[in-house]
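In what follows, a structure is listed as C-alpha cells, so that the remarks can point back to it.
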Amino acid sequence: MASVALPALSCRSSGEPVKELRVCTNRTCRKQGSFQILETLTALAPPEVRVNPCACLGRCGSGPNLVALPQGLLLRHCATPSRAAEILFSLCGDGREASSSSAVTAALAALALTNNALSQIDAGNFQEAESLLTQALELKPYGGLQRIFKHRAVAKLGMLDYSGALEDISRALTLAPNSSEVYICQGDVYVAKGEYENAEKSYSKCLEIDPSLRRSKTFKARIANLQKKAVEVDVT
C-alpha cells in the first residue's frame, strides 16, 4: 500500500477513479480528530465516492489516516477540514486545477453555509435556511451538491413550497440517482401534498436502494404515517 503525506499526484491522472475513501476511526486517529474528517469528507464527496469509517490502517501517530480505494493509496496527516477538502479535490475534483486553493475555499465555505442552514432547519427557520443553501449553491462547490439540493428541498418543504422542493429533489437525483436520503425527502413532500401513491413509490425506492431502512425507527414512522393518512382518505 503506497503512503503519501500530501496528495501531490492525482488519482484522476491514473485513469482509475476513486470509488471509496475509508477514514481510520481507531483510538489514535480518533484522538487526532478523525470523526471531524469523516464528517467533512462525507459532506463534500461526489455521489460516486463512498466515505466510510474503518479500523486501524497501521500508521498510528501519523494520522488521521485514510485510504483511497481501489488504488490503495494511504494518505496521512489529514487533521483539518481544509486538509480533507484538499485531498478530496486532488483525488476526485471536477477538472479544475488540483492546486486551486479557491476551489477548496469555496467547498469549505459552502459546507459552513450548509451546516448553518441545517441548524436553521432544526430551529424551524426555513426561509433563512433556504437563503443560506442558495448561497452555498452559488459558490459552485466541487462536491456535495446533491446534499445541498436535498437540504434545500427540506427547507422548501417547511415553507410549504412543494413544487420548489420537488424541483430541488429532481436536481439532487440527477446528481445522485441512488440516494435513499433524497427519495425519503421526495416521499415526505408527496405525503405533505396528499399524493400518497407517489409517496409509497418513493419510500419503496428507498428500500430497494437500502433494505436496512426496514429496521429504522424513523423510516417505520414515515410508513405508519403514510398508511394512516391513506386510510383516512379511503374512509372519507
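The values are calculated or read from the model by the stated rules, or taken from the named source; none is laboratory data. Source: prediction; values computed, not measured. FYI the Cβ positions are ideal-geometry reconstructions off the backbone, even for glycines, and counts take in every protein chain you see.
Cβ-Cβ distances below 7 Å connect the following pairs, each with a first residue in the range 68-80 that is at positive phi, a second residue that is assigned to a loop (DSSP other than H, G, I, E, B) and not hydrophobic (A, V, I, L, M, F, W, C), and a separation of six or more residues or different chains: His77/Ser62.
In the range 99-115, is there at least one residue being modelled with pLDDT under 90, aliphatic (A, V, I, L, M) and either surrounded by fewer than 21 Cβ atoms within 10 Å (Cβ to Cβ) or more than 15 Å from Cys29 (Cβ to Cβ) (or both)? The answer is yes, given that some residue of the range 99-115 is modelled with pLDDT under 90, aliphatic (A, V, I, L, M) and either surrounded by fewer than 21 Cβ atoms within 10 Å (Cβ to Cβ) or more than 15 Å from Cys29 (Cβ to Cβ) (or both). Name the single residue, out of those in the range 192-236 being surrounded by 13 or more Cβ atoms within 10 Å (Cβ to Cβ) and among the β-branched types (Val, Ile, Thr), that is farthest from the chain's Cα centre (by Cα). Residue satisfying both the conditions and the ranking: Ile223. The requirement of being surrounded by fewer than 15 Cβ atoms within 10 Å (Cβ to Cβ), part of a helix (DSSP H, G or I) and out of contact with any helix residue (DSSP H, G or I) (no Cβ under 6 Å at 6 or more places or on another chain) is fulfilled somewhere in the range 171-181, by at least one residue. Can you find, within the range 13-32, the residue that is modelled with the lowest pLDDT among those that are closer than 26 Å to Ala106 by Cβ and surrounded by fewer than 17 Cβ atoms within 10 Å (Cβ to Cβ)? Filtering first and then ranking leaves Ser13. Can Asn52 be described as buried (at least 20 other Cβ atoms within 10 Å of the Cβ) and at pLDDT 90 or above? No; evaluated as a whole, the condition is false for this residue.
In the range 63-170, counting only helices (runs of 4 or more DSSP H) that sit wholly within it, the ones holding 3 or more residues that are of a type in the set (Lys, Arg) span 145-158. Count of the range 186-216 residues, restricted to those that are part of a helix (DSSP H, G or I) and farther than 18 Å from Val233 by Cα, is 14.
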